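Reading through the structure tokens given below for one structure.
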Protein chains: 2
Amino acid sequence: MQDVEQVLAANAAFYAAFAAKDADAMAALWARRAAVACIHPGWHPLRGRDAVLASWRSILGGPGSPPITCSDADAHVYGDSAFVICIEHIPAVELIATNVFVREDGAWRMVHHHASSFARAVAMERDPEEEEPGPESGTLH
Amino acid sequence: MQDVEQVLAANAAFYAAFAAKDADAMAALWARRAAVACIHPGWHPLRGRDAVLASWRSILGGPGSPPITCSDADAHVYGDSAFVICIEHIPAVELIATNVFVREDGAWRMVHHHASSFARAVAMERDPEEEEPGPESGTLH
């Protein structure tokens, strides 16, 4: 596979582990040696593999973990690192994510996940004519 | 300067251009050839230098552009690419950002900015004993 396809496959594996609530698969996806971080929606950043994996074990083991799917994944590859932007679909809500990967031991492994709310509904409401509403309509940058 | 210091300097230059509403300085910070993207708070992703810079010209030229400062910047460098996590301070609100950089023509240039709301106040409210509230307290992942 080409790099872009490999990175998209790693991104898909992340959402498959998430949807399956498979903490072992999730742990295997994250980098072993490269420094990792994670920003869950609305929360402070977590730094380091131990803190990040503990958060995932808690999320995947909890009763509130919703089914999740991913769409519109777009990979940007720069040598041995890459990021993917995608839309996360959870019942009744959409989130937007940035997922960063590095090549480690020949595999693309996750080093950062940042997910946040996505105001597509709000944007549509503001200007139904505008296909790609710009951030200038927002109250912040 | 070492790579981490250079990346943190590039990140600081981004917020300096933002605070000064300097669209030319902002344009100079973004990569010329590497693919770029940007996720402003709550909005759909922008892809490509033209769309990203147009959004910044609109934001920096608008009357609603607030003063901004950055704190707690933490750089993760992987060869010729890097990302920074930091807290953005705008009056009455804090945001969390992931900024991705690549080395292009010997300079660290931005390829991605993802900013989103940061619920420190909410987290404190949920459990004032807990210094680092975990995402498991949230309603989403």
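Throughout, read-outs are computed from the coordinates displayed, never taken from laboratory work. Values in this document were obtained by computation on a predicted structure and should not be read as measured data. Every residue, glycine as well, gets a Cβ built from its backbone with ideal geometry; the counts of neighbours run over all protein chains shown.
Is the stretch B:1-66 best put as rounded, prolate or oblate by its Cα gyration tensor, with a ≥ b ≥ c the root eigenvalues, rounded for a/c under 1.5, and otherwise prolate when a/b is larger than b/c, oblate when not? Please report the intermediate quantities before stating the final value.
On the way: a/c = 1.85, a/b = 1.30, b/c = 1.42.
Note, shape of the stretch B:1-66 comes out oblate.
Could you compute the FRET efficiency for A:A9 and B:D72, with r as their C-beta to C-beta distance and R0 at 41 Å, rounded to 0.05?
Values: r = 33 Å, r/R0 = 0.81.
Working from the Cβ atoms, E equals 0.80.
Ordered shortest first, which distances in nm separate the 7 Å Cα→C-beta label point of A:A28 from those of the other copies?
Copy-to-copy label distances for A:A28: 4.9 nm.
So for the stretch B:1-64, taking the charge dipole from beta-carbon charges (+1 Lys/Arg, -1 Asp/Glu), which of B:V52, B:L29, B:V7 sits furthest toward the positive end?
B:V52
Can you work out ³J(HN,Hα) from phi for every residue in the stretch B:70-76, in order, using Karplus 6.51 cos²θ - 1.76 cosθ + 1.60 and θ = phi - 60°, giving whole Hz and x for Gly and Pro?
Residue by residue, the stretch B:70-76 yields 10, 9, 6, 5, 9, 9, 10 Hz.
For the rotation that superimposes chain A on chain B, which residue of A has the C-beta lying nearest to the axis, and at what distance in Å?
A:S116, 2
Order the peptides A:22-28, A:74-80 from the highest to the lowest mean number of other Cβ atoms within 10 Å of their residues. List each step's numbers first, then the result.
Details: A:22-28: 15.1, A:74-80: 19.1.
In decreasing order of mean packing, A:22-28, A:74-80 become A:74-80, A:22-28.
Compute the distance from the alpha-carbon center of the stretch B:46-65 to that of the stretch A:23-43, in whole Å.
31
In the stretch A:1-79, which trypsin sites (Lys or Arg not before Pro) fall in coil by DSSP and have 12 or fewer other Cβ atoms within 10 Å? Walk me through the numbers on the way to the answer.
Values: sites: A:K21, A:R32, A:R33, A:R47, A:R49, A:R57; in loops: A:K21, A:R32, A:R33.
Sparse-neighbourhood loop trypsin sites (Lys or Arg not before Pro): A:R32, A:R33.
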